[in-house]
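A.B. asks: Before I ask anything, here is the structure I am working with.
No lab work stands behind these numbers, since they all come straight from the coordinates. Quantities reported herein were computed from a predicted structural model and do not represent experimental measurements. Here the Cβ positions follow ideal geometry from the backbone for every residue, glycine too, while neighbour counts run over all protein chains shown.
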Amino acid sequence: MGLTLQVKHDRHVLVVRLVGELDHHASERVRQTIEQELAKGYTANLVLNLADLEFMDSSGLGVILGRYRKVSELGGKMALCSIRPSVGRLMEMYGLYKILPVFEDEHSAISACGVAS
């Protein structure tokens, strides 16, 4: 199936929607896309919307953790939202929920990054 990235800026938050499968084939493209957007300097905050992410493997987890480190280095905040149960189980198993905040919807995640509505 592959992966599609939808990138937008919403109130000083970079919002990335992942659609499809985040595996070793797509991980580098996701990393590069997010790095390029953060390098523009518009924001250091990142929300990953995973509502349409159907599959993720360990390389996808690595990408998420790496972006968390990058956002933290830039002084920003990162949040995840709309996680499907199958992807959520993998994240829970690897302890991502102890590191990253998770929200029901994109609006809540954006607000949690400290950006007023």
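A.B. asks: I need the phi-derived Karplus couplings for the stretch 39-56: 6.51 cos²θ - 1.76 cosθ + 1.60, θ = phi - 60°, integer Hz, Gly and Pro marked x.
C.D. replies: Values per residue, Gly and Pro as x: 5, 5, x, 5, 7, 10, 9, 9, 10, 9, 9, 10, 4, 10, 8, 8, 8, 8 Hz.
A.B. asks: In nm, to one decimal, how far is the Arg69 label point from the Thr33 one, both placed 7 Å along Cα→Cβ?
C.D. replies: About 2.2 nm, to one decimal.
A.B. asks: About the Cα centre, and with charges only on the beta carbon of Lys, Arg (+1) and Asp, Glu (-1), how big is the dipole of the chain? Nearest 20 debye, please. Please list the in-between numbers first.
C.D. replies: On the way: 13 positive and 14 negative charges, 73 e Å.
Magnitude of the dipole: close to 360 debye.
A.B. asks: Now for a different question. What are the ³J(HN,Hα) values, in whole Hz, obtained from phi via the Karplus relation 6.51 cos²θ - 1.76 cosθ + 1.60 with θ = phi - 60°, for each residue of the stretch 83-97 in sequence order, with x given for Gly and Pro?
C.D. replies: Each residue's phi maps through the Karplus curve to give 8, 5, x, 5, 6, x, 4, 5, 4, 5, 4, 8, x, 5, 5 Hz.
A.B. asks: When the helix-only estimate is applied to the chain (DSSP H runs of n ≥ 4, each -39,500 (n - 2.57), divided by the residue count), what is the mean residue ellipticity at 222 nm, nearest 500 deg cm²/dmol? If you can, show how the numbers build up before the last one.
C.D. replies: On the way: 4 runs with 45 residues, N = 117.
So the helix-based figure for the chain works out to -11500 deg cm²/dmol.
A.B. asks: Whole-Hz Karplus ³J(HN,Hα) for the stretch 3-16, in order, using 6.51 cos²θ - 1.76 cosθ + 1.60 and θ = phi - 60°, x for Gly and Pro?
C.D. replies: After applying 6.51 cos²θ - 1.76 cosθ + 1.60, I find 9, 10, 10, 10, 10, 8, 10, 10, 6, 6, 10, 7, 10, 10 Hz.
A.B. asks: On a straight-distance basis, which lysines could pair with Lys98 in a cross-link, Cα separation under 23 angstrom, same-chain partners fewer than 8 positions away excluded?
C.D. replies: Lys70, Lys77
A.B. asks: Calculate how steeply helix 58-73 sits against the longest principal axis of the alpha-carbon atoms of the chain, using the helix alpha-carbon long axis, and give the answer as 0 to 90 degrees to the nearest 10.
C.D. replies: 10 degrees
A.B. asks: Now for a separate question. Based on DSSP, what percent of beta bridges with both residues in the chain are antiparallel, to the nearest 5? Don't skip to the answer; put the middle values down first.
C.D. replies: Numbers: 7 of 21 bridges.
That works out to approximately 35 percent antiparallel.
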